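> Before we start, here is the structure in question, set down as structure tokens.
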Amino acid sequence: MEKFAFIDGGVCAAEGFTASGVLNKIKESRTTYDTALIFSDSLCNVAGVFTQNRVKAECVKFTKSQISDGKAQAVIMNSGNANACTGKQGYENAEKEAVAVSEKLKISKSDVLVCSTGVIGQQLPVEKILNGLDKSVSLLSKNGNVEARQAIMTTDTKFKETALEAKIGGKTVKIGTMAKGSGMIHINLGTMLSVITTDCAISSKMLEKALKLSVAGTYNCVSIDGDTSTNDTLLILANGKAGNAEIDSENEDFNDFVAALNVLNTQMAKKIAADGEGASRLVTCNVVGADTVENARGLAKAVICSNLVKAAFFGADANWGRILDAMGYSGFNFTPEKTSVSFLSREGAKRYFDAGEQNGGKENQIKVFDHGVPLNFDEDLAKKILTEEAVEILVELEDGSEKGTAWGCDLTYDYVKINGDYRT
């Protein structure tokens, strides 16, 4: 097979994993599934990254403690209530979930992880989740990813999942994932809410290293609105059922695993950015020719984080000055006099980055700023490019050979509408 091949199944794609989704009416107005359960039939090595917000949800505190031994076997997740800013009672509610799940699945309480998403500052109606556990467990299946991926959605308009298989150590390894994320997203060493499952044999230490390496160039390069959530959590569980020799050092198999993880997480980063609250288009910023990877990624993220840039894309306005402005105040190094900016459509960008062609065709690419000097350009062509559902900003520097990418979306009227009455 090819090095990577996308497959169906989401978090159930890997051997030994099942999932379910049920409706427990955690939020009374909810009409779709709101509680997901993911289970491995054998103990997994686990790693996670979490929100850098100083205000952390009680479920985040609990789950960080649970993974300290590097082991887990089940994850229970709910939407409709974040269990954040809920104090001792909130922490105890998360613990109650873990105890109940462990009893139903006949596993150790220490191997159950708990995630929540939704409204901040309201006590979680944990009894609803506990009363629905028999159903959650009975519905666990290899097709349960369909319900599970819906159960964690809040303001998301589309479910987010993907899976792939790769050859690692001579064995076929499967990796699957699902996530929620639409607003209150400015990821920094965490995500919104996401679980990755794999049947790869890899130690907890190497799993954590691989996750952090991958997150730096994928999830951490996403921003919807500049707000880092109290609940951001990304978990990865590996049960070793693929039968490869366990990865316990930074060898060739480790590099292959990281490469596969990068492909998976890049797909998810794009899905999250494209489904930003109220978004009408995906905005990608590619920075090439930077002196360091950190500067390339930092500059790209500064551009897609700018509300003025986001508003310009909503209006399909080729206001490249806002891009330079965002780069200028970002604090990341570049030489303005050697900077060029172009706008590309999805197809133009695909040709440029996939095929290495520096001319995507005039119908797909337009340069508006060249080596520190503004250009006279076709405003109608620019408008045509910027009205497409996926738009690329290409920033070309001459400071080095490194590159970085960040993903975001435009800022629309609907973002304000959605967040103006979120609690109701």
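> What's the total number of residues in region 61-81 that are aliphatic (A, V, I, L, M) and in contact with a Cys (Cβ under 8 Å, 6 or more places away or on another chain)? Spell out how you get there, then give the answer.
Quick first cut of region 61-81, residues aliphatic (A, V, I, L, M) only: 67, 72, 74-77.
Subsequent filtering for residues that are in contact with a Cys (Cβ under 8 Å, 6 or more places away or on another chain) retains 72, 75-77.
Number of matching residues: 4.
> Got a number for residues in region 383-424 being in a loop (DSSP other than H, G, I, E, B) and at pLDDT 90 or above?
Step one: of region 383-424, the residues in a loop (DSSP other than H, G, I, E, B) are 387-389, 397-401, 410-412, 421-424.
Narrowing the set further to residues that are at pLDDT 90 or above leaves 397-401.
Of the residues in region 383-424, 5 are in a loop (DSSP other than H, G, I, E, B) and at pLDDT 90 or above.
> Related question: Being aliphatic (A, V, I, L, M), in contact with a strand residue (DSSP E or B) (Cβ under 6 Å, 6 or more places away or on another chain), assigned by TED's automatic domain parsing to the domain that holds Gly372 and in a helix (DSSP H, G or I) narrows it down to one residue among Ala300, Ala311, Ala269; which is it? Working first, answer last.
On the way: Ala311 fails: in contact with a strand residue (DSSP E or B) (Cβ under 6 Å, 6 or more places away or on another chain); Ala269 fails: assigned by TED's automatic domain parsing to the domain that holds Gly372.
Unique residue meeting the criteria: Ala300.
> Let me confirm something: among Thr63, Thr32, which residue is part of a helix (DSSP H, G or I), of a type outside the set (D, E, K, R), out of contact with any Lys or Arg (no Cβ under 7 Å at 6 or more places or on another chain) and touching a residue at least 24 places away in the same chain (Cβ under 8 Å)?
That would be Thr63, the only listed residue that is part of a helix (DSSP H, G or I), of a type outside the set (D, E, K, R), out of contact with any Lys or Arg (no Cβ under 7 Å at 6 or more places or on another chain) and touching a residue at least 24 places away in the same chain (Cβ under 8 Å).
> Conditions: (1) surrounded by fewer than 23 Cβ atoms within 10 Å (Cβ to Cβ); (2) out of contact with any helix residue (DSSP H, G or I) (no Cβ under 9 Å at 6 or more places or on another chain). Gly289 meets all but one. Number of the miss?
(2)
> Quick check on my filter: what residues within region 62-85 are polar (S, T, N, Q), at pLDDT below 95 and surrounded by fewer than 24 Cβ atoms within 10 Å (Cβ to Cβ)?
Once the filter is applied, which keeps residues that are polar (S, T, N, Q), at pLDDT below 95 and surrounded by fewer than 24 Cβ atoms within 10 Å (Cβ to Cβ), region 62-85 yields nothing.
> Then there's this: Taking region 1-12 on its own, how many of its residues are surrounded by fewer than 24 Cβ atoms within 10 Å (Cβ to Cβ) and in contact with a helix residue (DSSP H, G or I) (Cβ under 9 Å, 6 or more places away or on another chain)? Steps first, answer last, please.
As a first pass, look at region 1-12 and keep what is surrounded by fewer than 24 Cβ atoms within 10 Å (Cβ to Cβ): 1-9.
Next cut, in contact with a helix residue (DSSP H, G or I) (Cβ under 9 Å, 6 or more places away or on another chain) only: 3-4, 6, 8-9.
Residues in region 1-12 being surrounded by fewer than 24 Cβ atoms within 10 Å (Cβ to Cβ) and in contact with a helix residue (DSSP H, G or I) (Cβ under 9 Å, 6 or more places away or on another chain): 5 in total.
A quick yes/no check of all residues on (1) surrounded by fewer than 24 Cβ atoms within 10 Å (Cβ to Cβ); (2) in a loop (DSSP other than H, G, I, E, B); (3) over 16 Å from the mean Cα position of the chain (by Cα):
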site	(1), (2), (3)
Leu130	yes, no, yes
Ser136	no, no, yes
Ala148	no, no, yes
Thr157	yes, yes, no
Ala163	no, no, no
Thr177	no, no, no
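Condition check ((1) closer than 29 Å to Gly181 by Cα; (2) in contact with a helix residue (DSSP H, G or I) (Cβ under 8 Å, 6 or more places away or on another chain); (3) in a loop (DSSP other than H, G, I, E, B); (4) modelled with pLDDT of 90 or more) across all residues:
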| site | (1), (2), (3), (4) |
| --- | --- |
| Gly348 | yes, yes, no, no |
| Gly361 | no, yes, yes, no |
| Val368 | no, yes, no, yes |
| Asn376 | no, no, yes, yes |
| Leu381 | no, no, no, no |
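The values are calculated or read from the model by the stated rules, or taken from the named source; none is laboratory data. Just so it is clear, the structure is predicted and the values come from calculations on it, not from any experiment. For neighbour counting, all protein chains shown are included, and Cβ atoms are generated from backbone atoms with ideal geometry for every residue, glycine included.
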